[in-house]
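Each value in this text was obtained by applying a stated rule to the coordinates, not by laboratory testing. Fair warning: this is a prediction, and the values are worked out from it, not measured in the lab. Quick reminder, even Gly has a Cβ in these numbers, built from the backbone with ideal geometry, and neighbours come from all protein chains shown.
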Amino acid sequence: MPGMDALQAILASSSLVKSSSAIKTASPDLAAPAATAASPTIDNAGHQDEAVLRLVELKKSLEACDQILARVQKDMASFQTDLGAVSADIQTLQQKSDHLSVRLQRRKDAEAVIGPAVDQSILSPVLIKQILEAPVDKHYLKYIEQLESFSLHESKQSQIETSYPASEVDSLSNVAVARIRDYFVNRIKALRVPQANVQIIQQSGLLKVRKLYDFVARQHTTLSDELMLAYCMTMRWYYNASFDRYQRALTKVPIHALAKQDLLGAEEVTRSMGGMFQKAPQAPSVSTSVLALGTRAKYLHDTTSGIILAHLAETSKEPYFLERVFRSYVVALIENASVEYLFMQEFFKTKAPRVVSDQFSKVMEPLLQSATQFVTKLIDGSLDALALLLCIRVVQSCGFALQKRKVAGLGGLLDGLQITLWPKLQQVMDQHAAALKNAPVSLAAVQASARERQPLSLTRKFAEFLAGILQLCRSSSSGDSAGSAPGAQAEEPVQHSLDRLCHDFEGTLARMAAACDPKVRTAFLFRNYLHVSTTIEQATGAMAESHKARFKQVVDSLKT
């Protein structure tokens, strides 16, 4: 090492100095003359000895360091060798880890493909316990779906051997069918409980678990048919009993009844019997006239409000118009029947639509027969033409609503009601026309009308009645919901009756005008026709326009 070589050179020079000192000591004679002069050199030699000793010690220290460094170098070489081995091991482990990751991913991919098939081939004890013991509700559907999935897989993959033979799977399915059957039987029995909320039972107890019935239909067709029949017979009894009670309640409702004296022209007969010395009575106002429509048509715009409830019908002392009672019954029937039809179509979806429709008809058959009888009895003896026409509009509105809901099976009822109502309306209109045509001339009423320059009481009643009929006969083009039901064919009977009624009114008014003083005859006719024309001015629709033009033409002719 370079440091060690320099140190050895220094030590060599120090040895030469020591040799010179020894020579001087051995020859005192030779050195004596210079003893005094060399004393500083001796002191320097002492210092050099000390330095030599220090250098010797430093050499020893350096040698010790060299030994330590050699050992460290040896250890570092050994560590480097070990580190290389560890690095090689780590690289080997990394390769093994990558290989294992690839194998793991392949196993996961294989499990994703094979797993479902394996699961379908295994009927777990947990599933068996749930099917045997779990409560039958909407959550029970999940277990049934798993059972059906397993059964379907077994039928398609018969080559896969499992520990569950087909007989065991069938037995488990039969147990599930039996439990579901008991559940539906209990729900059907609940429909017969007094004050039962049928719609809640249908929606929550039956419709939410409809797929359970589908499972029964697939597993046991006969049992599903029996359940369907049991439900239909129960609902047949329920609707018949419920609406029978409602009919009895509605029969207790007092109804505004029109007497023969309320027919057009009948008042003139009564007045003529009093003679010309009897003071003419005051003409009734529009608000009190029994032939005015007023607000009676307001419920045609709403299908649910204005229904008379059963408990109110039994205790009500307030009289209602006939159409209000009719509408309450028919709308309640149509609403219930619509809900029932839609429920059956949804719940018994696995059955053929024709089968469901036939069963629905059987459910509603006694109710529809009873409804026709009830309506026939309700309108029997009625002389309220406005009420009858309102009833017809209610039926037409219900028919339109059924078309929107796509509810079938009730067309026969609505057709039957119209067949009952239209002839009755025609009969009442004929009675009005006959009474108007045969109305005697009341000289007192004519003279009072001419003297006071007011229209006749007969004219007021006719104008109000005509305006009411025209308002209810607005065509579908007017956009009114009251007249938007089925069309021109339904309007024809009213059109002919109104034409006849107007003709008889004109004839009666002409006979009364003949009893007037010729000087005021034209003014008498003008005031009466003007009142009719003014009263029907707000009516809209094709029929209204025709009659408005007719009376306006007469008024214009009388002006001249």
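With the simple model of a label 7 Å out from the Cα in the direction of the Cβ, Ala510 to Gln369 spans 5.3 nm. Net length available on complete extension from Ala401 to Leu229 is 59.1 nm, with 0.36 nm assigned per residue and the Cα-Cα distance removed. Annotation: lysines with alpha-carbon distance below 25 angstrom to Lys142 (same-chain offsets under eight excluded): Lys129, Lys156, Lys208, Lys211, Lys349, Lys351.
Scanning residues 5 or more positions from Ile255 or on other chains, those with amide H under 5 Å from its amide H are Tyr320, with H placed 1.01 Å from N in the peptide plane. In percent, rounded to a whole number, the relative contact order of the stretch 260-559 is 26, using alpha-carbon pairs under 8 Å and six or more apart.
Close amide H pairs (under 5 Å, H built 1.01 Å from N) link Leu263 with no residue at least 5 positions away or on another chain. What FRET efficiency comes out for the pair Trp237/Ala523, r = Cβ-Cβ distance, R0 = 60 Å, nearest 0.05? Approximately 0.30, to the nearest 0.05.
So, R0 is 22 Å and r is the distance between the beta-carbons of Lys317 and Gln261; what FRET efficiency does that work out to, to 0.05? About 0.35, to the nearest 0.05. At full extension, Asp66 and Gln105 could sit 8.3 nm farther apart than now, given 0.36 nm per residue minus the alpha carbon distance.
Of the cross-linked pairs Lys519/Lys552; Lys424/Lys548; Lys317/Lys404, those separated by over 29 Å at the C-alpha level are Lys317/Lys404. In order along the stretch 325-341, the Karplus-derived 3J(HN,Hα) couplings, from 6.51 cos²θ - 1.76 cosθ + 1.60 at θ = phi - 60°, round to 5, 4, 5, 4, 5, 5, 5, 4, 5, 5, 5, 5, 5, 5, 4, 5, 4 Hz, and Gly and Pro are given as x.
When the stretch 125-219 is described by a simple charge dipole with +1 on each Lys and Arg Cβ and -1 on each Asp and Glu Cβ, the residue from Gln195, Ile180, Leu152 located farthest towards its positive end is Gln195.
Residues whose amide H lies under 5 Å from that of Ala297, counting only those 5 or more places away or on a different chain, are absent; hydrogens are built 1.01 Å from N in the peptide plane. If the chain linking Ser546 and Thr251 were pulled fully straight, counting 0.36 nm for each residue of separation and taking away their Cα-Cα distance, it would gain 102.2 nm.
Can you find, among Gln80, Leu93, Gly46, the residue sitting farthest towards the positive end of the charge dipole of the stretch 45-138, where Lys and Arg contribute +1 and Asp and Glu -1 at Cβ? Of Gln80, Leu93, Gly46, it is Leu93.
In the frame of its principal axes, the stretch 260-559 has Cα extents of 83, 41, 27 Å, reported largest first. Projecting label points 7 angstrom from Cα along Cα→Cβ for Ser357 and Ala85 puts them 9.2 nm apart. Between Gln195 and Gln73, the simple spin-label model (points 7 angstrom out along Cα→Cβ) gives 10.9 nm.
Given a cut-off of 20 Å, what percent of all Cα-Cα pairs of the stretch 125-219 lie beyond it?
Values: 1865 of 4465 pairs.
That fraction is 42 percent.
Each Lys and Arg adds +1 at its Cβ and each Asp and Glu adds -1 at its Cβ; summed about the Cα centre, the stretch 386-475 shows a dipole of about 280 debye. Taken about its Cα centre, the stretch 125-219 carries a charge dipole of roughly 600 debye when the Cβ of each Lys and Arg holds +1 and the Cβ of each Asp and Glu holds -1. Projecting the Cα atoms of Gly411, Ala448, Phe348 onto the charge dipole of the stretch 260-559, computed from C-beta unit charges around the Cα centre, puts Ala448 farthest toward the positive end.
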